[in-house]
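Peer 1: Before I ask anything, let me first share the structure, which is written out below as structure tokens.
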Amino acid sequence: MTDAAFEDPFPEPVEIEITDSLDLHAFRPQDARAVLDAYLSEARKKGFKFVRIIHGKGIGVQREMVRKVLEKKNFVKSFKNAPEFSGSWGATIVEFLT
């Protein structure tokens with residue numbers, strides 16, 4: 001294979017809109033922690049009181065990573081599984097301190 005086959009399609013940072021929901025399926029697993037960390041800080045700055053992190057159901061690897069990150073954030077008041085029709089155990093609802 002040539003070097004072009006391994007070239008990063010996004011050599012510059014990609015800006016995404018910060019909403020009250022983040023779907024980690026859109027990111028490579030090795031990038032998910034850094035994306036989540038940046039997202040939480042930006043979502044808090046935007047003034048959201050609650051956000052939803054969609055990590056999927058699977059075997060729980062992403063969910064556990066998400067919750068370990070949340071446990072370390074001093075601005076996170078609480079977190080829990082999303083309601084049944086909002087992702088259930090495939091998503092986590094986060095409440096920020098006000």
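Peer 1: What percent do you get for the relative contact order of region 50-98 when only Cα pairs under 8 Å and 6+ apart count?
Peer 2: Answer for region 50-98 is 48 percent.
Peer 1: For the chain, what log10 I(q)/I(0) values come out of the Debye formula at q = 0.17, 0.22 1/Å, with one point per alpha carbon and no solvent?
Peer 2: Result of the Debye calculation: -0.75, -1.15.
Peer 1: Next up: Which lysines, if any, have their Cα less than 17 Å from the Cα of K80, not counting same-chain residues under 8 positions apart?
Peer 2: Filter leaves K49, K57, K68, K72.
Peer 1: Between S78 and K57, how high is the FRET efficiency from 1/(1 + (r/R0)^6) when r is the Cβ-Cβ distance and R₀ = 30 Å? Nearest 0.05.
Peer 2: That gives a FRET efficiency of 0.90.
Peer 1: Starting from the 7 Å offset along Cα-to-Cβ, what nm value, one decimal, do you get for the label separation of K49 and E15?
Peer 2: So the two model labels end up 2.9 nm from each other.
Peer 1: Sticking with this one: What length, rounded to one decimal in nm, is gained on full extension from L97 through to E42, with 0.36 nm per residue of separation minus their alpha-carbon distance?
Peer 2: Full-extension gain reported as 18.4 nm.
Each reported figure results from applying straightforward, stated rules to the coordinates on display, with no laboratory input. If you're wondering where the values come from, they're calculated on a predicted model, not measured in any experiment. Because the Cβ atoms are built from the backbone with ideal geometry, glycine has one as well, and the counts that use them run over all protein chains shown.
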